[in-house]
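Everything below concerns the one structure shown next.
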Amino acid sequence: MSGSVRVARLWDGKRSNRRTMLRSMAFFAIAAHGLAACGISEAPQGDPGRPGGRAVNRVDESRLNFYNWTDYIAPDTISSFQAATGIKLTYDNFSSNDEMEAKIASGAAGYDLVVPSDNFLRRFVRGGLVRELDRDLIPNLVNLERRFVEADYDPGNRHSVPWAWGTTGLAYSKTALGDRVTGFSAFDLAEAQGRGMVLDEARDALAIGLLALGHDPNTGDAGQIDDATRYLLNLKKKLGQISSDVIEPLTSGQMVLAQAFSGDAFQARRANPAIAYTIPREGGLSYVDLLCIPKDAPHALNAHRFIDHILRPDVGAALSNAVRYGSPNAAAKPFIDKDLLSDPLVYPSAEVLARLPFIKDLGREVEARYADAWTKVKTG
């Protein structure tokens, strides 16, 4: 990496995360289609200062500040962007949506791009934390798969562009647990005692209890959330960690069972072939992580150029090949590893996807109920 790239890992003593580094204004109409098809990201033309919401750099410098999950970028994503644009990128990491939200809500973070999960995007929009995108500056939007353009969390990509998508299930050591991991009862296996972990994300972790008890993971019922809280408090006694960083604990053998995001599980498997991943018989979750521009971003124009860059077919494919998550970029498919495209755990069938709902935004009152429940689990 270039010396201009600053990589920060955020730790809380128990946590290491979810995803540690592995690794434009509009074109003239006659050129837009051709450039988008080949994925070339050019410097924007025209007057960036004219009224109408056009994105501008409030600070006149060739810089970009990017705040992303750990383990969630390709080795050459940053260097290729810097080479293509001359913009120097500062790269920091966070370990949970809550951590990132608090930093952005403070208004003093100075980040130009952040990557919230789909259920958090609605909160960010409601709270006025992110700006609308200037679609004219992102000609490579044409490369997105239709379902990521029509998604109900952000129809028409008004505030976001998908970074990657995946599922939440169970990663485990075949050496320690063999083929006995089929559902959440695996946390009861003798070999998993003190060597299991669940994600440090309220909705994801509480979904274990809700699914295990036969409830909807998007329920707003207070009694069912209480049931899940009690289930997690009991499960916590059997765990070794509550953390969103699963790759190193799994590959080192410190942990043998983990609720995990699919891409993390596949990265762990690449480092240690004894690691496997499964969708629990009770079900799991799907999610999309999204590139958004904070409302006070000092380099909003440069942020649009990065979004357009990541939507290039070659760049999008390199990202997917590195992080082992599903790509929302239809034009990238020919360049994605064939074994990744054909893996049903990365690209599940329609039948399996039916058991993997997205986390819904349930409104402030219910979301606060989940937050309180998770605080009880972590402090209980």
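The values are calculated or read from the model by the stated rules, or taken from the named source; none is laboratory data. Because the structure is a prediction, the values reported are computed rather than measured. With ideal geometry, Cβ positions are generated from the backbone for all residues, glycine too; neighbour counts draw on all protein chains shown. The protein model used for the area step is the full one, side chains on, heavy atoms only, and it has no ligands, DNA or RNA in it. Shrake-Rupley method; radii C 1.70, N 1.55, O 1.52, S 1.80 Å.
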Residue that is under 24 Å from H309 (Cβ atoms), open to solvent by 10 Å² or more (accessible area, probe 1.4 Å), modelled with pLDDT of 95 or more and of a type in the set (A, V, I, L, M), where the choices are L133, L137: L133
Subset of the stretch 93-104 [of a type outside the set (K, R) and either in a helix (DSSP H, G or I) or at pLDDT 95 or above (or both)]: N97, D98, E99, M100, E101, A102, I104
Of all residues making up the stretch 236-254, the number that are within 22 Å of G380 (Cβ to Cβ) and of a type in the set (S, T, Y): 2
Scan of the stretch 240-265 for residues that are assigned to a helix (DSSP H, G or I) and surrounded by fewer than 24 Cβ atoms within 10 Å (Cβ to Cβ), ordered by number: E248, P249, T251, S252
Residues of the stretch 48-91 that turn out to be modelled with pLDDT of 95 or more and either more than 28 Å from V288 (Cβ to Cβ) or open to solvent by 10 Å² or more (accessible area, probe 1.4 Å) (or both), as a count: 14
Those residues of the stretch 168-218 which are open to solvent by 10 Å² or more (accessible area, probe 1.4 Å), small (G, A, S), within 17 Å of T251 (Cβ to Cβ) and over 24 Å from the mean Cα position of the chain (by Cα), in sequence order: A176
Residue, modelled with the lowest pLDDT, within the stretch 288-312, restricted to residues that are open to solvent by less than 10 Å² (accessible area, probe 1.4 Å) and more than 18 Å from Y91 (Cα to Cα): V288
The one condition in (1) open to solvent by less than 50 Å² (accessible area, probe 1.4 Å); (2) at pLDDT below 95; (3) in a loop (DSSP other than H, G, I, E, B) that N119 fails to fulfil: (3)
Conditions (1) at negative phi; (2) crowded, with 16+ Cβ neighbours inside 10 Å; (3) not hydrophobic (A, V, I, L, M, F, W, C); number of the one not met by R324: (1)
Output for the stretch 358-380, where each listed residue is surrounded by 16 or more Cβ atoms within 10 Å (Cβ to Cβ) and either touching a strand residue (DSSP E or B) at 6+ places or on another chain (Cβ under 7 Å) or not small (G, A, S) (or both): F358, I359, K360, D361, L362, V366, E367, R369, Y370, W374, V377
Single residue of the stretch 298-314 satisfying the filter (out of contact with any Cys (no Cβ under 9 Å at 6 or more places or on another chain) and not in a helix (DSSP H, G or I)) that is farthest from S79 (Cα to Cα): P298
